[in-house]
2 protein chains.
Amino acid sequence: MSDRSEIGSGQRVVIENVSPAVDGGRFPIKRTAGEVVVVEADILADGHDPVAGRIVLTDEKGKVLTAPCLEVLGNDRFRGEFTLGGPGRYHYAIEGWIDHFSGWLAQFQKRIEGGSADNVDLEIGTLILRETAGRAPKRIAGRLTRASDELMRPGGLSGAKSFQRALRIGRLAAPLAREYPDPDTITRTPKAFPVEVNDPLARFSAWYEMFPRSWAFESGRHGTFDDIILRLPYVANMGFDILYFAPLHPIGATHRKGRNNALKAEPGEPGSPWGIGAGEGGHKAVHPELGTLDDFKRLVKIARESYGIEIALDIALQCSPDHPYVVEHPEWFRRRPDGTLQYAENPPKKYQDIYPFDFDCQARQSLWLEMRSIFEHWIDQGVRVFRVDNPHTKPFAFWEWLLSDLKVARPDLIFLSEAFTRPAAMRRLAKVGFTQSYTYFTWRNDKWELESYLSEVMNGPHREYFRPNFWPNTPDILHEYLQTGGRPAFIVRLVLAATAAANYGIYGPAFELTLAKPREPGSEEYWESEKYEIKQWNLEDPESLAPLITQINRIRRENPALQSDWSAGGGLMLHPIDNPLLLFYSKRTADASNIILVAVNLDPYNTQIGWVDLPLDRFGIGWDEAFEVEDLLTGSVWSWRGARNYIELNPHHLPAHILRVRR
Amino acid sequence: MSDRSEIGSGQRVVIENVSPAVDGGRFPIKRTAGEVVVVEADILADGHDPVAGRIVLTDEKGKVLTAPCLEVLGNDRFRGEFTLGGPGRYHYAIEGWIDHFSGWLAQFQKRIEGGSADNVDLEIGTLILRETAGRAPKRIAGRLTRASDELMRPGGLSGAKSFQRALRIGRLAAPLAREYPDPDTITRTPKAFPVEVNDPLARFSAWYEMFPRSWAFESGRHGTFDDIILRLPYVANMGFDILYFAPLHPIGATHRKGRNNALKAEPGEPGSPWGIGAGEGGHKAVHPELGTLDDFKRLVKIARESYGIEIALDIALQCSPDHPYVVEHPEWFRRRPDGTLQYAENPPKKYQDIYPFDFDCQARQSLWLEMRSIFEHWIDQGVRVFRVDNPHTKPFAFWEWLLSDLKVARPDLIFLSEAFTRPAAMRRLAKVGFTQSYTYFTWRNDKWELESYLSEVMNGPHREYFRPNFWPNTPDILHEYLQTGGRPAFIVRLVLAATAAANYGIYGPAFELTLAKPREPGSEEYWESEKYEIKQWNLEDPESLAPLITQINRIRRENPALQSDWSAGGGLMLHPIDNPLLLFYSKRTADASNIILVAVNLDPYNTQIGWVDLPLDRFGIGWDEAFEVEDLLTGSVWSWRGARNYIELNPHHLPAHILRVRR
C-alpha cells in the first residue's frame, strides 16, 4: 500500500480518524454553498515534540483554495474549519508536521524554570528560526530573520532577564514559524476527502407534486402547460419552492391501465403517466395534450423568474410497449426464450404496461449514454431538479457514473431519489450522488417510531450524505393514519414533515383537500387514483388546508432553525414529555439565536396534556430565567420559567404548537 | 479512484461496511494461530435479484487458501468465517455477485403460486443452468447440465405438478449454481483486509520480569546466566510463560546513576541497566559479569526446552555516553551548537546518562538498519519475545518498517510495547505492529475506573488490534494502592490482572515479596530501587505470594475462559453488584462450556458484602435452575439458584473469589 512506511521516512507525524468522511473518503460528504465545514483529526508524533496541522482545500482542478491551520483540542485531537464556495466538488486533505520551534520554546521555558537555560539554548532557537526563514516567503522570512537575530541579543539585559526576553520574542515568532515546516517532513493524508457542495435548495426546499393534466381551468379538458402557468400563483402563494410534475410524456396504449388500476383501460381513459412512450415519442417528448416543448420551456422560465419556483421532472427509466425505444433498440430489453419482451413483474403483481430496461444487456454502454441524453435534454429545456422514480432498480454504478458526469457541467442540479427499499440500498443511492432521498417518514407515525427515526436521520452518521425529504403522502401512499385520522391527522403530518425536516413535500391537491379514501380497506392506494384518471379539483374548498400550508411555509422561511436538518452545535433535539401521544422536539441554529419548539399531539381524536422537560442550558436560558414562547400558528404568547412546562393540545382546534423562544 | 464506476460496468453488486477491519484495512486485525475469524459485510444490488458472496483468504504470496461462502443475515447483511493457520500475514477480500438462478427460482415459485408459470419459465431456468455449467469445473458442470436437462422434462407429470417437480430440481441445483457466477460480474472489495496471525503466546501469557544481576546464589556477588538457569524452576513452578530480563548489556560509567537515582554513583555502584553501552560493547553485547553470549544462548535453550519458558529481552534504543555507537556513529546523535551531545531531558528531569538516537538525523537510513540488526542479533541467539522500552519516543514509521520486516522471516516474534503515553500514540504503536501493549491498568484502581477501562480494552473496537498486557507493578511503578493497601492490595491487583486480561505480568520478586516502600511520599518509584543497585532476595520468605501466584497461574491454564481477552459470543462481561467497593465480572468461552466468575473486594481493609445480578441466560442457566459455583482459590463450593447471589469478602482472609460455574 502506498501509505506504508518506507525505510528512513522523515515523516514522523501520523494522521488518523479524520472526520467528516463517508466510508473513509470513498464518497463525498454533502454540504451546500456557503456552509462552514468543521474538520477534526488525530495528529500525533513520537516523543514530546508538538505537532501542527492544516486543512488543504482544493477545487475540482486541484487548485488550493484555502489552507487554514488546525487548533489543538487536546489528547492529539485537532480541529479546523473552512467555508465553502459555490456548488461543485471539492477535496480536503490534512497535513501535519512537527512544530520544531514551539518544541524548542517549551523546552527552553522548562529549562529557565529549572535554572538550567544557557546561551546554547538561544543558539538552537536561532538556528531553527533561520532555517524556517529560508523556507518562508520573503515578507515572512524577513520577520523570522529579525526574530532570530533578536533572540541572540541580550537587549541590555543579562542572565535570567535576557532569557525571559528571548522567551517573549520566541512566543511572538512561534505562530509564524509554525507555518513553514520543511516540506519533506510534512505528512499528508494519502487520500483527499471529497466534499460535494450543492445549491442551497438541496438543503431547504418545499415540494409540491401535481399531475398537470388535472389542472385544466375548464372541466372535462386535459390540463395544459398554459393552465399550469395560470396556476403558479396558487402554488407560489402557499410558499413552495419546487413544483414537481408526474411524467409528462406521451402515454402508451398497449395494456394501458384503467380507473383504479383496472387491467384494461376503457376507451378514452388517459392511462398512467408512468406508462411512458407512444407513437408521439418517448422520454424526450411531451404529451401532445399538455402542449409543446416550447410551452414547457416557457412555463419553466416563468415559474423561475416570476415566482421563484423550480419545475422538477419525474424521470422514470422504463417504457410502455409503444415506446419508440422498443422498436429502435430491442437490444436494451430482456426477451424471454419465446421471443416476447419481459414486462415488469413482482408476482403476483404484473405491470404489462411497463417494460424495464435490461441494465445487464450487452449493449448497456449505448443504453447508459441514451439515458444520460434524457437528462441532458431536459436540462437543455431549463430543468435543474429531478425526481427519479425507483432508482434502486437500476445499477448503483449507473447512477454513480451518470450523476457525477452530469454534475461536472451543472453542479447546481438536484436529484431526489424515490427508493422505498432496504436501508443499505437507500443509503448507497445517496452515497453515489442523489442529493435528497425519500424516507420511511410516511410509515413512522407512533411516538416511539418517530423519535427513533428522527434520531437516526437527523443525528446519525448517515446525515453526512443522506438528506431526507419527508412526504406525508404521495400518489402511491395514503397511509392509514391519514385514512382514519381526519383533518387533525393531516395537520399532524404536515407539521411534522415541515418542521422536523428542512426538505419536505406534499402530493396535492390530494393533501390540502384531505383526500382520505383508500382503493380498498388495507390498501395505501387512493380511491380513484389520479394515476389513472384526469381530475378536477375544487381548490376553493373552504376546508382546504392551503391557508395552513401557506402559514407553515412562511414560518419555515422566517426561521433559520427550520432551514437545515442539522448543524454543528444546532439541529434537532428530542425532549422528554410524559405522555406517549405527545411528541416534542426543538430545532435551533448553531448560535441558538433562533430556537423553535414543536409540540405535536399524535392522537387525532382526543386532547392530550403533558409536561415537557427542556434543556435550558442548551438554549442559553438560565434555570430560573423567565422566557416567552410565541406560538407561530396562533400568535399566542406564554411566559415560561424553568425547564418543566405544561402542554395541552386539542386536535380539533390545532394538534400542534410551533413555538419560537423569545428573550 | 480505482473503485469508482466506469460506464457500462457489469458489476451490479456493491460491498460495504466490511468487518473486522482496522482503519478500513490500512492496518491488520490481530488474531492467533487456529482462531476462527467471523466476517460480516453488506452486499447489495439494484432490484430484487438475490446476491451471494464469499470470503477469499490469501496467504502472503497471494495464494488462495480458502473461499467460504457467506450466509444471509437479512437486510443486506452477510456473515461468514474462516479458520486461521499458523503465524503470518494473511489477507481477506469479499466477493459478491448476482445469484441469477436463485433469482429465477424465487420468481418461478411466485408465478406458480400466482398461477402464471409456463414452459417459458422452465426454458429460462434451463438456460441459466447451462450457462452456469459452462463456467463450472467438469464434475460440477456435469451435475448442473443434468439438472438443466431434468428441469425441462415433465417426468411423466403435467401442468402444476410438473412445475412443482421443476421447483424441487431447481432447489437442489441452486446452491451449486450459486458458486459459479460470470467472473466479469463479480465485485471484489478494492482492498483486501490484512490479518496478522501471531503465535498463541501472544494471546495468552504470564510474564515475570527480573533483573538477572540480583539473582546470584551467594550474597554479595553479581548474578549470572548460570544462576538464572538454576532459578528457572522457581519461575516455572509459579507458572510463568515468559521470563523477561531488564537490559543485560554493559553499563556506561559516565554520569552513572547511584542508589535511589542519585545523580552520581558511588564507586562500586552498578548503575542502571538502561544506561546501555561501555567499552565492552553495546546493544549486542552482554554485561561481562552476567556471563558470555554462549551462556545466554544456553539459558534461552534450557528455559524453552526444559521449562517451556521464553526469555524476553528488553530493547531500549538509547545509549550511555560510553556506548561504542557514540564514537563510531556521531551522525546518529543530536549535537548542540556548542558541540556537546544532547542527553535525554524532560525538564526539570535530566538523564545525563542517556543519549537518545536522533531519528530526525540525515543518516537515519543507516541508523534504522543498525537498529534492525540489534533485533536480528538477539533473534539469532534464540530470543523471540521482546519488550520494547519507550517505543513512543521513536517514529511510528520506524516501527512499522522494522516490525513488518522482522516478521516476514519470523512471524512468531512477539513485541510488547512499553508506551505509557497518550491513548492515540499507544494505539498507533499497536496498529503498526506491536503484539501486546502495556496499559493504564496500573493506575485504574477504583471500581468505576476499572469497569470503564475493562469495557474499553476488552469490548471496545480497538481490541481488533490492541492486546492489553496488565501489570500490577513494574520497576518504575509502585502504585499508591500497593504502597498503602498491604498484602490484600497485592492480591487484589494480582487477581484482577491475571483473570481480567489473558496477558499479564509482574515485576518480581518485588511483587511476591510485597515490597511497598516508595522512594519518597507521593512517588511511584521504589525505595532503593533495583534499577540502581544489586539486590539479594529472600525467596523463601513465608509471607511470599509465590504459592498464590502458582495457584492463579494454574487456574489460568486450566480454564480456557481466562485464555483470551474476547471472542465472538464469549469474553469479559461486567455484572452489577450493589457495593461500590466490590467488582464483579465473568469470563466465558464462546460456547459457554467454561464460565469463570470473579468477585473482588477493592477495599483492602474491611469486609464488604453485596448482591450480584447475573445474566443467567447468557450462561445457559435457567432463571430458577440450581447451579454450583466452586471457588478455585479455596475449594469451597456454593449452591446458587437464580440471578441474585450474595458475596462477602474479608480482605484479610482473601479479597477475591475466582468461581467456576458447575452444572
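Chain pair B, A: how much accessible area is buried, both chains summed, with a 1.4 Å probe, in Å² to 100?
Working: alone 28570 and 28590 Å², together 51190 Å².
Result for this pair: about 6000 Å² buried.
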- Note on the structure: In chain A the accessible area split gives carbon plus sulfur, as whole percent at 1.4 Å, a share of 50
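Using only helices, what value at 222 nm comes out for chain B when you add -39,500 (n - 2.57) per DSSP H run of length 4 or more and divide by the total residues, to the nearest 500 deg cm²/dmol? Before the final figure, lay out the partial values.
Details: 13 runs with 186 residues, N = 663.
Here the helix-only value at 222 nm equals -9000 deg cm²/dmol.
In what sequence, largest accessible area first, do B:Lys587, A:Lys110, A:Lys301 appear using a 1.4 Å probe? Walk me through the intermediate numbers first.
Numbers: B:Lys587 0, A:Lys110 80, A:Lys301 115 Å².
The ordering from most to least exposed comes out as A:Lys301, A:Lys110, B:Lys587.
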- Excluding ligands and nucleic acids, what accessible area in Å² is computed for A:Arg111 using a 1.4 Å probe, to the nearest 10? 10
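Assigning unit charges at the beta carbon (Lys, Arg +1; Asp, Glu -1) and nothing else, what dipole magnitude in debye, to the nearest 20, does the protein assembly as shown show about its Cα centre?
On the way: 154 positive and 176 negative charges, 254 e Å.
Approximately 1220 debye in magnitude.
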- Message: Can you list residues from other chains, or at least 5 along the same chain, whose modelled amide H is less than 5 Å from the amide H of B:Phe470?
- Response: B:Asn503, B:Tyr504, B:Gly505
- Pairwise centroid distance, computed over Cα atoms, of segment A:41-82 with segment B:474-509, Å: 41
- Note: B:Gln362 to B:Glu625 extended length (0.36 nm per residue) minus current alpha-carbon separation gives 87.6 nm
- Enter the per residue convex hull volume of the protein assembly as shown, computed from alpha-carbon coordinates, in Å³ rounded to the nearest integer. 222
- Please state the relative contact order of chain B as a whole percent: Cα pairs under 8 Å, 6+ residues apart? 10
- Which listed pairs, of B:Lys257/B:Lys517; A:Lys284/A:Lys407; A:Lys349/A:Lys394; A:Lys257/A:Lys284; A:Lys284/A:Lys349; B:Lys407/B:Lys531, have C-alpha distances above 24 Å, in listed order: A:Lys284/A:Lys349; B:Lys407/B:Lys531
- Message: Return the chain B residue and its Cβ-to-axis distance, rounded to the nearest Å, for the rotation relating B to A.
- Response: B:Gly24, 2
- Task: Give a quick list of chymotrypsin sites (Phe, Trp or Tyr not before Pro) in segment B:580-658 that DSSP marks as loop, anything other than H, G, I, E or B, with at most 15 other Cβ atoms within 10 Å.
- Result: B:Tyr605, B:Trp623
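Taking segment B:215-302, which chymotrypsin sites (Phe, Trp or Tyr not before Pro) meet the DSSP loop condition and have no more than 12 other C-beta atoms within 10 Å? Don't jump to the answer; show the numbers that get you there.
Numbers: sites: B:Trp215, B:Phe217, B:Phe225, B:Tyr234, B:Phe240, B:Tyr244, B:Phe245, B:Trp274, B:Phe296; in loops: B:Trp215, B:Phe217, B:Phe240, B:Trp274.
Answer in residue order: B:Phe217.
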- Task: Report, for A:Asp624, each distance to the same residue's label point in the other copies, shortest first and in nm; define the point 7 Å along Cα→Cβ.
- Result: 5.5
- Note on the structure: The FRET efficiency for B:Asp613 and B:Ser593, from their Cβ-Cβ distance with R0 = 22 Å and rounded to 0.05, is 0.45
- Cα centroid distance between segment B:230-263 and segment A:457-473, in Å? 61
- Message: Helix A:119-135 against the longest principal axis of chain A: what's the angle in degrees, Cα atoms only, rounded to the nearest 10?
- Response: 40
- Query: Which lysines have a Cα less than 17 Å from the Cα of B:Lys191, not counting those fewer than 8 places away in the same chain?
  - Reply: A:Lys191, B:Lys61, B:Lys63
- Indicate, rounded to the nearest 5 percent, the antiparallel portion of the DSSP beta bridges found entirely in the protein assembly as shown. 70
- Message: What does the structure give for B:109-117 when I average, per residue, the other chain Cβ atoms found within 10 Å of the residue Cβ?
- Response: 3
- Message: Modelling each spin label as a point 7 Å along the Cα-to-Cβ direction, I'd like the A:Glu540/A:Glu328 distance in nm, to one decimal.
- Response: 4.5
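Starting from the residue with the highest accessible area, list B:His479, B:His653 in decreasing order, probe 1.4 Å. Can you show the working numbers first?
On the way: B:His479 30, B:His653 135 Å².
From most accessible down to least: B:His653, B:His479.
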- segment B:395-424: which residues show an accessible-area loss of 10 Å² or more, assembly versus chain alone, 1.4 Å probe? B:Pro395, B:Phe396, B:Ala397, B:Glu400, B:Trp401, B:Ser404, B:Arg422, B:Pro423, B:Ala424
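Report the calculated FRET efficiency for B:Lys517 and A:Arg644 (r = Cβ-Cβ distance, R0 = 60 Å), to the nearest 0.05.
Working: r = 56 Å, r/R0 = 0.94.
Result of the calculation: an efficiency of 0.60.
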- In square angstrom, what is the accessible area per residue of the protein assembly as shown with a 1.4 angstrom probe? 39
- For chain B, longest principal axis from Cα atoms; helix B:364-380 axis from its Cα atoms; angle between them, nearest 10 degrees, is 90
- Message: I'd like the GluC sites (Glu not before Pro) in segment B:579-663 restricted to DSSP loop residues with at most 13 other Cβ atoms within 10 Å, sorted by number.
- Response: B:Glu625
- Query: If you put +1 on each Lys and Arg Cβ and -1 on each Asp and Glu Cβ, how big is the dipole of chain B around its Cα centre, in Debye rounded to 20?
  - Reply: 1560
- Along the charge dipole of chain B, Cβ charges K/R +1 and D/E -1, which of B:Gly96, B:Gly508, B:Gly156 sits furthest on the positive end? B:Gly156
- Query: Considering only A:Pro356, A:Val14, A:Ala166, whose Cα is most displaced toward the positive end of the charge dipole of chain A, charges sitting on Cβ of Lys, Arg (+1) and Asp, Glu (-1)?
  - Reply: A:Ala166
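Rounded to the nearest 0.05, what FRET efficiency is calculated for B:Arg139 and B:Ala409 with R0 set to 35 Å and r the Cβ-Cβ distance?
On the way: r = 40 Å, r/R0 = 1.15.
For B:Arg139 and B:Ala409, the calculated efficiency is 0.30.
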- Note on the structure: About its Cα centre, segment A:586-663 carries a charge dipole, from +1 on Lys and Arg Cβ atoms and -1 on Asp and Glu Cβ atoms, whose size in debye to the nearest 20 is 160
- Message: Taking B:Arg130 in one copy and the same position in all the others, each labelled 7 Å out along Cα→Cβ, what are the pairwise distances from the first, in nm, shortest first?
- Response: 8.6
- Message: Just to confirm the numbers: B:Asp294, label point 7 angstrom along the Cα-Cβ line, distances to the other copies in nm, shortest first?
- Response: 10.8
- Query: With axes computed from alpha carbons, what is the tilt in degrees of helix A:447-459 against the longest principal axis of chain A, rounded to the nearest 10 within 0 to 90?
  - Reply: 50
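The values are calculated or read from the model by the stated rules, or taken from the named source; none is laboratory data. Note that the structure is predicted; figures quoted are calculated from it, not measured. Methodologically, a virtual Cβ is constructed for each residue, glycine included, from the backbone with ideal geometry; neighbour enumeration extends over all protein chains shown. Quick note on the areas: whole protein, heavy atoms, side chains included, nothing else; ligands and nucleic acids left out. Shrake-Rupley method; radii C 1.70, N 1.55, O 1.52, S 1.80 Å.
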